[in-house]
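Enquirer: I'd like to ask some things about the structure below.
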Amino acid sequence: LLSGTQGLLILLFLEAISANSCSHHCVCFPPDHKPVRVNCSFRELTTLPLLPDSTQELYLQGNKLETIPAGAFDNLQMLNIINLSSNLWHCDCGILYLKNWLEDQVGSSDISDIKCFTPSLLHGTSISALKRSELPSCSTPKILCSDFLFHDAFISLFVLAVVLICCVLIAQRMKFTVKICDSGTKIPDVSSSVPDTLRRRRERVSSRSSAGMPAMD
């Protein structure tokens, strides 16, 4: 248990040091574990370096940055000055974090100097002037009323077809035949279906009745 606690404390200590240390891509002043000025300009950076939480001035101009990951600047609570000009900013839906963050930093930078490099339709446009509907992969596609009508009509026809098929299947199961006999049709003799013993008994009763003899059960 003690070794586990010690390992956790060491991990937290290293994380605290890394959060307040200067990246090797930048020049920091003062050069200790809590730098105030961080200069990462003209380093051909394509990704944002690790920035100490104590940063008050940040210079990132003249690099090849295309975007800033969401939340990357949230820990810079003491930041007063930032320069992000002359980068290759790609203005799609992912640039909205940077746009919104810069708008919240009143007086910390000149937002008009931060301009889109790509796509070509937005080249030279200031990030502060961007609208969400102008950004690729960020605008909501329009849905026409005709699409709803076609969808509803298709569903109605499908339901109607299912009902008709069910009715046909039920009708086939309930099918029966009615035979009509005309005057020329021979009707089977019902008496032939009477058992022989019963027929002979009826004949004896009939003969005794004609002879005047009492009938016997």
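The values are calculated or read from the model by the stated rules, or taken from the named source; none is laboratory data. Since we're looking at a predicted model, the values are computed, not measured. All Cβ positions, glycine included, derive from the backbone under ideal geometry; neighbour counts span all protein chains shown.
Enquirer: Which members of the range 103-125 meet the condition of being within 17 Å of Leu60 (Cβ to Cβ) and modelled with pLDDT of 90 or more?
Expert: Within the range 103-125, Ile114, Lys115, Cys116, Phe117 qualify.
Enquirer: Can I ask one more? For the range 71-93, does any single residue satisfy the condition of being at pLDDT below 95 and part of a helix (DSSP H, G or I)?
Expert: yes
Enquirer: State all residues of the range 31-46 that are closer than 21 Å to Gln77 by Cα and loosely packed, with under 15 Cβ neighbours inside 10 Å; if no residue qualifies, say none.
Expert: Pro31, Asp32, Lys34
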